[in-house]
Amino acid sequence: MATIETSEQKALRSAVAALGKRHGRTYDREQLWSEAAKLGYLGVNLPEAYGGGGGGIAELSIVLEELGAAGCPLLMMVVSPAICGTVIARFGTEAQKRDWLPGLADGTRTMAFGITEPDAGSNSHRITTTARRDPDTGDWLLTGRKVFISGVDIADATLIVGRTEDARTGNLKPCLFIVPRDAEGFTRRQIDMELQAAEKQFELTLDDVRLPADALVGDEDAGLLQLFAGLNPERIMTAAFAIGMGRYALARAVEYARDRTVWKAPIGAHQAIAHPLAQAHIDLELARLMMQKAAYLYDAGDDVGAGEAANMAKYAAGEACVKAVDQAVHTLGGNGLTREFGLASLITAARVSRIAPVSREMILNYVSHQTLGLPKSY
């Protein structure tokens, strides 16, 4: 595995950083999304045959990280091109690929992702959204609820994780369905969040939503393989989101520590200020290395290896982000809580990287029994 980025990846990072700098933390989400799309950044991971850049999650994570480092992250990149685009590119029918991938690549179409449920929490095996066939028409009928689903109001459709009954065993297995925003019986309620973000959170209700047979993505029997084809990129991109946020906060703190003079020297000259900022930088760099490893393994087709690395990357990035934001705010003191410096709102946002899309405790569970071979506690 190459731990040093290629010249193409370095050029991409530099170009996206310049784009992010032009927009900054007062960015207009729609304008940035449109410009990033026109430059080919949103679909950099999607196949060239369908209008994408032909790269992988490694390149897409660079885009999100650099936009985050400039203070203008695009959360829907985690969902639309990374999860939904990847799943459709790998498992969708030819018609689904032609219908969705060009739009996801050029930003004219957006897709949300619905897996979390009110009563399931971290236990995805308790998902109760079910899909059953109409024996007369062959249509699918979806019933269930989802919660904390990002950007449904701006998405053309939502990729919903439901469960179908295995005719041989009677057991329920996960399947993925494309549900158009205006589908009858598909309703949403915005959740009132303390978190300040351009993308809103929603609770979804599916009341016998009727979908054509071709709304199913991939093989009905593929189950977890298709699901984790989307969840591993989600973890990698969440790591990129967190690393970018941490870098943004750290850069503001370093700039302040260089300029702010209270006694005879800038406060950054004092080790009590300098060392915690140095530690934050080290933690962010280490998290990025694990993120790059996870992206490399995923793009190479090693789903098992990528699963372990993606979980570790998400864990490391979440911890590094929270610590970097906390130290940045503390470095600025009272100024760290003002709107002028734009750090206080990151206190809440940084916590998201510890909680979603999977909590740090569930990642520790994964590592303890999958990697270390310890008995499961649940």
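The values are calculated or read from the model by the stated rules, or taken from the named source; none is laboratory data. The structure presented is a predicted model; accordingly, all values stated were derived computationally and were not measured. No Cβ is skipped: glycine too gets one built from the backbone with ideal geometry, and neighbour counts run over all protein chains shown. These area figures cover heavy atoms from the full protein model, side chains too; ligands, DNA and RNA do not enter into them. Shrake-Rupley method; radii C 1.70, N 1.55, O 1.52, S 1.80 Å.
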Report summary line: If the chain between ALA49 and ASN335 were fully extended at 0.36 nm per residue, the gain over the current Cα-Cα distance would be 98.0 nm
Requested in this report: Would you mind pulling out the separation of the Cα centroids of the stretch 336-373 and the stretch 69-83, in Å?
Outcome: 16 Å
Requested in this report: At a 1.4 Å probe radius, which order do GLU340, GLU65 fall into by accessible area, largest first?
Outcome: GLU340, GLU65
Query raised in the report: Taking the Cβ-Cβ separation of GLU8 and ASP119 as r and a Förster radius of 56 Å, what is the calculated FRET efficiency to the nearest 0.05?
Result: 0.80
Query raised in the report: Within the P(r) computed for the stretch 277-324, what percentage of the Cα pairs occupies the region above 18 Å?
Result: 29 percent
Report task. Sequence neighbours fewer than 8 away in the same chain don't count; with that in mind, list the aspartates and glutamates whose C-alpha is under 14 Å from LYS314. Result -> GLU65, GLU234, ASP283, GLU285, GLU361
Query raised in the report: Kirkwood-based Rg over Rh for the stretch 203-296 (C-alpha set), two decimals?
Result: 1.30
Requested in this report: Quick one: angle between helix 344-355 and the longest Cα principal axis of the chain, in degrees between 0 and 90, rounded to 10, please.
Outcome: 50 degrees
Query raised in the report: Out of the stretch 185-247, which GluC sites (Glu not before Pro) are coil in DSSP terms and have no more than 11 other C-beta atoms within 10 Å?
Result: GLU194
Query raised in the report: Any idea what the relative contact order of the chain is, in percent, if you count C-alpha pairs under 8 Å spaced at least 6 apart?
Result: 15 percent
Requested in this report: In nm, give the distance between the simple-model label positions of ASP214 and THR93, each being 7 Å from the Cα along the Cα-to-Cβ direction.
Outcome: 0.5 nm
Report summary line: Phi-derived 3J(HN,Hα) across the stretch 244-258 with the Karplus relation (6.51, -1.76, 1.60, θ = phi - 60°), rounded Hz, x for Gly and Pro, is x, 4, x, 5, 4, 4, 5, 4, 5, 5, 5, 4, 5, 5, 6
Report task. Between TYR378 and ARG181, take the C-beta separation as r, use R0 = 41 Å, and let me know the FRET efficiency to the nearest 0.05. Result -> 0.70
Report summary line: Output row, site LEU195, 7 Å Cα→C-beta label point, backbone N cut-off 16 Å, window the stretch 355-369, residues 355-361
Query raised in the report: Once the Cα gyration tensor of the stretch 104-198 is diagonalised, what are the square roots of 5 times its eigenvalues, in whole Å and ordered largest first, as equivalent ellipsoid semi-axes?
Result: 25, 18, 12
Report summary line: Long-range amide H partners of ARG163, meaning residues 5 or more apart or on another chain whose placed amide H is closer than 5 Å, are THR130, ALA131, CYS175
Query raised in the report: Relative to the longest principal Cα axis of the chain, at what angle does helix 29-38 sit, 0 to 90 degrees, rounded to 10?
Result: 80 degrees
Report summary line: Rounded to the nearest 10 Å², the accessible area of LEU374 using a 1.4 Å probe with every protein chain kept is 90 Å²
Query raised in the report: Among the lysines, which fall within straight-line cross-link reach of LYS264, defined as a Cα-Cα distance under 30 Å, with same-chain neighbours fewer than 8 residues apart omitted?
Result: LYS323
Requested in this report: Do me a favour and compute the ellipsoid semi-axes for the chain from its Cα gyration tensor, root of five times each eigenvalue, largest one first, whole Å.
Outcome: 37, 22, 20
Query - Phi to ³J(HN,Hα) by Karplus 6.51 cos²θ - 1.76 cosθ + 1.60 over the stretch 79-86, Hz, x for Gly, Pro - result: 9, 6, x, 6, 7, 5, x, 5
Query raised in the report: Where in the stretch 262-304 are there chymotrypsin sites (Phe, Trp or Tyr not before Pro) that are in a DSSP coil and have at most 16 other Cβ atoms within 10 angstrom of their Cβ?
Result: TRP263
Query raised in the report: Between the stretch 19-60 and the stretch 101-152, how many Å separate their Cα centres?
Result: 25 Å
Query raised in the report: Between VAL304 and LYS38, what length comes free when the chain is fully extended (0.36 nm per residue of separation minus the Cα-Cα distance, one decimal in nm)?
Result: 92.4 nm
